[in-house]
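Worksheet: one structure, shown below.
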Ligand code: CA
Ligand code: ZN
């Protein structure tokens, strides 16, 4: 079977994930799709003295390119998305204001800065040009029919997970909620730390290439990611504590079922080898991930499709 390649340009944008969004493209499983993405502010023309006030609010808010209908993807299936490439194609914008981030109550002025991105670095300053590690902030599919989720919000449909492990070479699994899955991506960061503490990463426009496929008999409750030698369950909740506990419990249920082990064994194994990490603490819901080294999955004889 020849693998087809498609492209979606950055004028095909959505701000909410919804089964009602009309697909801009239909692809067969196995296809490669190139998405042109805008930065999280919509790639508006800005200059360093502008505050976030200068933004057109209709354009900001994590516009995602898509959605793409994947033939054969039905509720109950799992959409597998291999991330092939994430290449920044603009300078990086960072904004800080009173509405989000750990420092929102200390922020006296709205700050907006633009940094050069080239040679694999984000030129934050001369002291420490920050090495890039481009990641997808928003990658999601439609939630159940009758609900719509703004692109600022993460959930079981993916969305604004802001997980720094969603990089080229990683594979994301998303349980399908609506026919065709309706995949959309955006909000690329040239680099971001766990937590996304000031409310943003190095926000860039980008070229993103992914390969999609559909897994028929896999039961996953929410996003699972394979990246950098780990498998992880990603969970979002209103409170960080809840997100942390629920990510842990989601991974525990997964390994207990897949490894065919008992409750106590799954719990203790996670306590020994699982790393609980924060993705972000600044979005409308907080996101955590529970990571388990791939060699543990190999030892227990489970391989991801
Ligand atoms: Ca984001
Ligand atoms: Zn972002």
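The values are calculated or read from the model by the stated rules, or taken from the named source; none is laboratory data. Note that the structure is predicted; figures quoted are calculated from it, not measured. Heads up, the Cβs are rebuilt from the backbone with ideal geometry, glycines too, and the neighbour counts pull from every protein chain shown.
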- Item | From the options 243, 206, residue that is surrounded by 22 or more Cβ atoms within 10 Å (Cβ to Cβ), at pLDDT 95 or above and within 16 Å of ligand 2 (Cβ to nearest atom) | 206
- Query: With (1) buried (at least 18 other Cβ atoms within 10 Å of the Cβ); (2) over 15 Å from the mean Cα position of the chain (by Cα); (3) more than 30 Å from residue 124 (Cβ to Cβ); (4) touching a residue at least 40 places away in the same chain (Cβ under 8 Å) as the list, and residue 221 as the residue in question, which single condition is left unmet?
  - Reply: (1)
- Task: Only residues that are in contact with a strand residue (DSSP E or B) (Cβ under 8 Å, 6 or more places away or on another chain), more than 8 Å from ligand 2 (Cβ to nearest atom) and assigned to a loop (DSSP other than H, G, I, E, B): list them for the range 192-202, please.
- Result: 194, 198, 199, 202
- Kindly establish whether residue 150 is within 12 Å of ligand 1 (Cβ to nearest atom) and either at pLDDT 95 or above or surrounded by fewer than 21 Cβ atoms within 10 Å (Cβ to Cβ) (or both). yes
- Message: Can you tell me which condition residue 172 does not meet? The list is (1) closer than 18 Å to residue 134 by Cα; (2) assigned to a loop (DSSP other than H, G, I, E, B), and all the others hold.
- Response: (2)
- Members of the range 101-123 that are under 25 Å from residue 278 (Cβ atoms), crowded, with 16+ Cβ neighbours inside 10 Å and free of Cβ contacts under 8 Å to residues at least 24 places away in the same chain: 107, 121
- Is there a residue in the range 36-53 that is within 21 Å of the chain's Cα centre (by Cα), at pLDDT 95 or above and part of a strand (DSSP E or B)? yes
- Looking only at the range 282-297, count how many residues are within 16 Å of the chain's Cα centre (by Cα) and outside any loop (DSSP other than H, G, I, E, B). 6
- Filtered residues of the range 175-191 (kept if part of a loop (DSSP other than H, G, I, E, B) and either under 30 Å from residue 99 (Cα atoms) or within 14 Å of ligand 1 (Cβ to nearest atom) (or both)): 182, 190, 191
- Among the residues of the range 168-191, which ones are within 16 Å of ligand 2 (Cβ to nearest atom) and surrounded by 24 or more Cβ atoms within 10 Å (Cβ to Cβ)? 184, 185, 186, 187, 188, 189, 190
